[in-house]
Amino acid sequence: QVQLVESGGGSVQPGGSLRRSCGASRFVFDMYIMGWYRQAPGKQRELVASITPNGRENYADFVKGRFTISRDSGKNTVYLQMNSLKPEDTAGYYCNAARLNYAAWGQGTQVTVSS
């Protein structure tokens with residue numbers, strides 16, 4: 001069973017920054033596509049960013065230029081650096097690990113952007 005351990009998040013004013021972290025086992029880190037999704041109240045969960053085991057990054061248009069996904073192989077951890085946050089970025093953010101037809105989710109953390 002794949003376990004993902006998330007940390008980070010919280011509340012910030014518009015224009016601020018936050019960083020989310022997601023730790024996994026070595027096998028998951030090396031073999032799975034790691035990603036971040038978000039879900040706002042009343043909306044469907046949507047992909048924010050993903051990164052393949054060989055480091056290829058993918059971003060949703062609404063975060064390009066503001067968010068950065070990265071991997072630290074020494075810590076088996078994936079990060080989501082969120083800069084220039086907007087109120088519309090307010091949502092629950094979830095770490096995801098996917099491979100073939102299997103996907104696992106972290107526990108999620110609320111990110112609130114408000115003045």
Completion exercise
Going through the stretch 41-57 in order, the residues found to be closer than 17 Å to Arg20 by Cα and open to solvent by less than 60 Å² (accessible area, probe 1.4 Å) are Leu47, Val48, Ala49, Ser50, Ile51
Handout entry: The listed residue being under 16 Å from Arg99 (Cα atoms), small (Gly, Ala, Ser) and at pLDDT below 95, out of Gly35, Gly55
Key = Gly55
Exercise for the section: Might you let me know whether the stretch 58-72 holds any residue that is in a loop (DSSP other than H, G, I, E, B) and at pLDDT below 95? Expected result: no
Handout entry: Which numbered condition Arg38 fails, given (1) under 10 Å from the mean Cα position of the chain (by Cα); (2) basic (Lys, Arg); (3) surrounded by fewer than 17 Cβ atoms within 10 Å (Cβ to Cβ)
Key = (3)
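So in the stretch 87-115, with the set limited to residues that are β-branched (Val, Ile, Thr) and at pLDDT 95 or above, which one is farthest from Ser25 (Cα to Cα)? If you could, list the steps in order and put the result at the bottom.
If we filter the stretch 87-115 for residues that are β-branched (Val, Ile, Thr), which is where we start, we get 90, 109, 111-113.
Filter again for at pLDDT 95 or above, leaving 90, 111-113.
Values: Thr90: 29, Val111: 25, Thr112: 29, Val113: 31 Å.
Among those that are β-branched (Val, Ile, Thr) and at pLDDT 95 or above, it is Val113.
Open to solvent by 80 Å² or more (accessible area, probe 1.4 Å), in a strand (DSSP E or B) and not charged (D, E, K, R): which single residue out of Ser11, Ser7, Ser21 fits that description?
On the way: Ser7 fails: open to solvent by 80 Å² or more (accessible area, probe 1.4 Å); Ser21 fails: open to solvent by 80 Å² or more (accessible area, probe 1.4 Å).
Of Ser11, Ser7, Ser21, the one residue that is open to solvent by 80 Å² or more (accessible area, probe 1.4 Å), in a strand (DSSP E or B) and not charged (D, E, K, R) is Ser11.
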Completion exercise
Given the conditions (1) on the phi > 0 side of the Ramachandran plot; (2) open to solvent by less than 40 Å² (accessible area, probe 1.4 Å); (3) modelled with pLDDT of 95 or more, every one holds for Ser84 apart from (2)
Problem - Hey, Val48 in a helix (DSSP H, G or I) and in contact with a strand residue (DSSP E or B) (Cβ under 9 Å, 6 or more places away or on another chain) or not - result: no
Completion exercise
Per the filter on the stretch 58-73, residues open to solvent by less than 70 Å² (accessible area, probe 1.4 Å) and either farther than 12 Å from Tyr37 by Cα or touching a Phe, Trp or Tyr at 6+ places or on another chain (Cβ under 7 Å) (or both) are Tyr59, Arg66, Phe67, Thr68, Ile69, Ser70, Arg71, Asp72, Ser73
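The values are calculated or read from the model by the stated rules, or taken from the named source; none is laboratory data. Given the structure is predicted, the values throughout are model-derived calculations rather than measurements. Quick reminder, even Gly has a Cβ in these numbers, built from the backbone with ideal geometry, and neighbours come from all protein chains shown. For the accessible areas, the whole protein counts, side chains as well, though only heavy atoms, and no ligand, DNA or RNA atoms are used. Shrake-Rupley method; radii C 1.70, N 1.55, O 1.52, S 1.80 Å.
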